[in-house]
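Chemist: Got a structure here, written out as structure tokens. Questions coming.
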Amino acid sequence: QQLASCNTVLFVEMDHSTETLPDIKDSINLAIDAKKNIFCTYPLSQTDKEEISAKCKANSLEFRNYRNEQDSGATGEFSYRSKKIFELDVPVLMCFGLMEQVDKFQTQLSFLNFFREKGYKTELVSSRNLGRFIGANSMPSFMFDNGMSDEEKVYNFNGYIVDLCIKTKPDMLII
């Protein structure tokens, strides 16, 4: 019923979702069959992306996949093997919350807008996957991987952030 009232369906990867990728692909296909545009942040294979894109094109629909090369780190493929922490040449604004539901994402967006309005090239590593829809990077999923030690997470995250800064050359970074 809700599907009938929209023209675009967002498929946003959630940190603690119980849905599997095959379930998501089934839902995407249902939305396409209902003639809905598809915007997705899930880590789809190249084959899946091509199939969904072709099906959308055949139905005159738009398909956007907000997963990009930077996200290889977010799928667990990223491995920064050096046990060295590299310093950043850019200021970093960290946004923390002491508990859930304290509007960290909204605070990050407010800071992002503020600094961009001041003319700073600002990169955001968002606490939510929704950030991809506004061009932000999402917190890499390995940060939530219980199989990875805290030490490995620190080195991997440092490498992820260093790589991001090398690629985008921001004036500042918001995490």
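Chemist: Which residue pairs have Cβ atoms closer than 6 Å, lie 6 or more positions apart in sequence or on different chains, and pair a first residue in the stretch 118-132 that is open to solvent by 10 Å² or more (accessible area, probe 1.4 Å) with a second residue that is outside any strand (DSSP E or B) and among the acidic types (D, E)?
Modeler: Y120/D171; K121/D171; N129/E13
Chemist: Let me ask something else about it. Name, by its number, the condition in (1) open to solvent by 50 Å² or more (accessible area, probe 1.4 Å); (2) at pLDDT 90 or above; (3) farther than 30 Å from I175 by Cα that does not hold for V92.
Modeler: V92 satisfies every listed condition except (3).
Chemist: Please name all residue pairs, on different chains or six or more residues apart, with Cβ atoms under 7 Å, provided the first residue is in the stretch 137-157 and is basic (K, R) and the second residue is part of a helix (DSSP H, G or I) and surrounded by 14 or more Cβ atoms within 10 Å (Cβ to Cβ).
Modeler: Within 7 Å, the pairs are K153/F142; K153/M143.
Chemist: Which members of the stretch 54-64 meet the condition of being of a type outside the set (F, W, Y) and open to solvent by 40 Å² or more (accessible area, probe 1.4 Å)?
Modeler: Narrowing the stretch 54-64 to residues of a type outside the set (F, W, Y): 54-62, 64.
A54, K55, K57, A58, N59, S60, E62, R64, listed by residue number.
The values are calculated or read from the model by the stated rules, or taken from the named source; none is laboratory data. This one's a predicted model, so the numbers in the text were calculated from it and none came from an experiment. Backbone-built Cβ (ideal geometry, glycine too); neighbour counts: all protein chains shown. The area values use the complete protein model at the heavy-atom level, side chains included, leaving out ligands, DNA and RNA. Shrake-Rupley method; radii C 1.70, N 1.55, O 1.52, S 1.80 Å.
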